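The values are calculated or read from the model by the stated rules, or taken from the named source; none is laboratory data. What you see is a predicted model, and the numbers here were worked out from it, not measured in a lab. Neighbour counts run over all protein chains shown; Cβ positions are idealised from the backbone, glycine included.
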Amino acid sequence: MINRAILLAAGSGERMGPKTEVRPKCLLRVGGRSIVGRAVAILAGYGIRSITVVDGSEGDRLRSALTSQFPPEWFEFVRNADYATTNNAWSLSLARRAEPESILLLDADVVFDREVIGLLLDDSHGNRLAIRSRGPVGEEEVKVTLGTDGRISDIGKHIAAERAAGESVGIAVFAPTFVRRLFSVLERRLRQKGGANEWYESAFVELIEGGEAIYPVDLKNFRAVEIDTPADLEQARGLFAPKV
C-alpha cells in the first residue's frame, strides 16, 4: 500500500521559453487537461489521495489550480523558495516527514498512461523505478544500467546510451525503510558544498552502492513523456491527443 505520493513541481521550466513565463510547466495542457491534473486524476483512480506537492515557480497558481479541480484535503503543499538555485534533490528533501512511509515519487512534468501506475503498484519489489527500455535513449536522458541480479546498478545522465538498459521516466515507488535512508542521505549530501544543485538520482546511487536494492519496472508498450522542451510538449500532445 502506498501511503503518500510526492509530486515535485518546483522548477521554472526555463527551456520551455515563453510557454512557462506565467504558469508552471506542469499546468501546460496535454490531451485536454493540465499535465499535473492528469497525473493527480490517475493517482486518485488508484486510491492515492494523500499527495505532497513541492512547488516553487508560480506556486500559488499551481495550488489554486489543483484545489479547484480536486478536494483540497488531498494535498499538502510545500514551497521550495529556493527553486531558482536548487535542483530536485533539494525539493524532495523538503517533503520529509518524521515517520518514514511508503511513497510514490513523481516528477510533475511527466505525461503517462494510467497503466504505468498500475505496473508499479503491481510489482512485488519493495523499491522500484519505472523505465522505458524500448525505443531510442537520448544522451541527455537519465539512464539506468542493470546488474546480473536484475537490480538497477547505476542511474544518471552520465551513462552512455549504448550501455543503458533504458531511461528513467521520473516515477518510482519506495518502501519505508528505503525512504528513511533516502532522506538521511539527501540531508547529508545537501549540506555539502554544491549539494543544493544535485539531482535526487545521486542519492539513489549512493544507496545502491550501500546495498539498497531498486528494481526496474519496464513500461512495455505504455507511454510516458517527460516535458523538458517545446519539442517534448508537441510530442506528448500528439501521443495523448483526445480520441475523436
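A few remarks follow.
- Scanning segment 152-172 for residues that are surrounded by fewer than 19 Cβ atoms within 10 Å (Cβ to Cβ) and within 13 Å of Glu226 (Cβ to Cβ) turns up just one, Lys157.
- Qualifying residue in segment 122-137 (condition: without any contact (Cβ under 8 Å) to a residue 60 or more places away in the chain, in contact with a strand residue (DSSP E or B) (Cβ under 6 Å, 6 or more places away or on another chain) and over 21 Å from Asp218 (Cβ atoms)): no
- Any chance Ala95 is modelled with pLDDT of 95 or more and in a loop (DSSP other than H, G, I, E, B): yes
- Note on segment 116-163: residues that are among the hydroxyl-bearing types (Ser, Thr, Tyr) and closer than 19 Å to Phe178 by Cβ total 2.
One line per residue, one yes/no per condition, for (1) hydroxyl-bearing (Ser, Thr, Tyr); (2) surrounded by fewer than 23 Cβ atoms within 10 Å (Cβ to Cβ); (3) within 20 Å of Asn88 (Cα to Cα); (4) at pLDDT 95 or above:
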{"site": "Leu105", "(1), (2), (3), (4)": "no, yes, yes, yes"}
{"site": "Ile117", "(1), (2), (3), (4)": "no, no, no, yes"}
{"site": "Asp122", "(1), (2), (3), (4)": "no, yes, no, yes"}
{"site": "Arg134", "(1), (2), (3), (4)": "no, yes, no, no"}
{"site": "Gly138", "(1), (2), (3), (4)": "no, yes, no, no"}
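- Residue pairs whose Cβ atoms lie under 9 Å apart, separated by 6 or more positions or on different chains, with the first residue in segment 12-23 and farther than 21 Å from Asn88 by Cβ and of a type in the set (A, V, I, L, M) and the second surrounded by 12 or more Cβ atoms within 10 Å (Cβ to Cβ) and modelled with pLDDT of 70 or more, are Val22/Glu58; Val22/Arg61.
- Matching residues in segment 94-121 - criterion: being small (Gly, Ala, Ser), in contact with a strand residue (DSSP E or B) (Cβ under 9 Å, 6 or more places away or on another chain) and farther than 28 Å from Leu239 by Cα: Ala95, Ser102
- Residues in segment 44-91 that are part of a loop (DSSP other than H, G, I, E, B), surrounded by 20 or more Cβ atoms within 10 Å (Cβ to Cβ) and of a type in the set (A, V, I, L, M, F, W, C): Ile48 only.
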